[in-house]
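Encoded as structure tokens, the structure appears first; notes follow it.
The values are calculated or read from the model by the stated rules, or taken from the named source; none is laboratory data. As the structure is a prediction and not an experimental result, all values here were calculated from the model. Heads up, the Cβs are rebuilt from the backbone with ideal geometry, glycines too, and the neighbour counts pull from every protein chain shown.
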């Protein structure tokens with residue numbers, strides 16, 4: 001049985017690093033990434049708390065089962081965060097801050113309290129093909145804005161990033177306004193939004 005102990009964390013946090021959590025897969029990408037009026041800021045904004053279930057494909061894999069995204073506090077600072085919960089009781093929290101100029105990726109706290117600081121900045125006016133490299137030499141490329149459908153729900157103007165981690169692995173992630181990470185693909189493993197809770 002394959003276990004999902006890693007996920008394409010990208011941009012939040014460790015811009016394209018692989019670690020615990022995530023959601024991704026399935027759905028159709030039917031919009032032209034260069035013709036959207038979306039903003040990076042929109043993809044990382046969550047003004048209210050949302051909880052959703054996560055499905056893993058192939059189904060023989062185990063790992064994260066749900067996510068909570070919304071306003072949170074990190075080191076006394078008001079931020080936006082996303083927590084991934086695992087079937088084994090583990091969890092990972094990813095934190096970022098949103099400003100009119102863009103999104104700053106702050107850090108990630110794993111179940112064992114390890115903190116990964118990132119500090120990468122995503123400018124609000126990122127263009128398709130623009131890259132961000134974090135302090136660990138993980139590279140993320142902004143593919144563009146896309147509309148995807150997952151579990152019967154349409155997410156418009158999601159931010160699609162593709163990346164290469166410093167260990168050579170590749171993957172893709174999609175962030176949706178108010179939901180955070182809703183889709184992740186790493187090799188043959190797909191994690192995806194599967195319904196609000």
Discussion item. Considering only region 42-58, I want to know if a residue exists there that is surrounded by 14 or more Cβ atoms within 10 Å (Cβ to Cβ), modelled with pLDDT under 90 and touching a strand residue (DSSP E or B) at 6+ places or on another chain (Cβ under 9 Å).
Written reply: yes
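One residue is enough: does region 158-171 have a residue meeting the conditions touching a helix residue (DSSP H, G or I) at 6+ places or on another chain (Cβ under 9 Å) and surrounded by 24 or more Cβ atoms within 10 Å (Cβ to Cβ)? If you could, list the steps in order and put the result at the bottom.
Filtering region 158-171 for residues touching a helix residue (DSSP H, G or I) at 6+ places or on another chain (Cβ under 9 Å) gives 158-159.
After this cut, where a residue has to be surrounded by 24 or more Cβ atoms within 10 Å (Cβ to Cβ) as well, the list is 158-159.
Taking every residue of region 158-171 in turn, at least one turns out to be touching a helix residue (DSSP H, G or I) at 6+ places or on another chain (Cβ under 9 Å) and surrounded by 24 or more Cβ atoms within 10 Å (Cβ to Cβ).
Which one is nearest to residue 104 (Cα to Cα), of the residues in region 55-79 that are outside any loop (DSSP other than H, G, I, E, B) and in contact (Cβ under 8 Å) with a residue 60 or more places away in the chain? Write out each step before concluding.
Initial filter on region 55-79 (outside any loop (DSSP other than H, G, I, E, B)): 55-57, 62, 64-74, 77-79.
Imposing the further condition that a residue be in contact (Cβ under 8 Å) with a residue 60 or more places away in the chain reduces the set to 55-57, 62, 64, 66-67, 69.
Values: 55: 28, 56: 28, 57: 30, 62: 31, 64: 25, 66: 24, 67: 21, 69: 16 Å.
Here the answer is 69.
Out of 107, 187, report the one residue that is surrounded by 16 or more Cβ atoms within 10 Å (Cβ to Cβ), in contact (Cβ under 8 Å) with a residue 12 or more places away in the chain and either within 23 Å of residue 59 (Cα to Cα) or touching a strand residue (DSSP E or B) at 6+ places or on another chain (Cβ under 6 Å) (or both).
107
With modelled with pLDDT under 75, surrounded by 15 or more Cβ atoms within 10 Å (Cβ to Cβ) and on the phi < 0 side of the Ramachandran plot as the only criterion, which of 18, 10 stands out?
On the way: 10 fails: on the phi < 0 side of the Ramachandran plot.
Answer to the check: 18.
Residues that are within 14 Å of the chain's Cα centre (by Cα): find the strands (runs of 3 or more DSSP E) completely inside region 101-190 holding 3 or more of those. Explain how you work it out, then say what you get.
Working: elements: 102-110, 115-117, 121-123, 131-133, 139-150, 153-164, 170-176, 180-186.
By residue number, 102-110, 139-150, 153-164, 170-176, 180-186.
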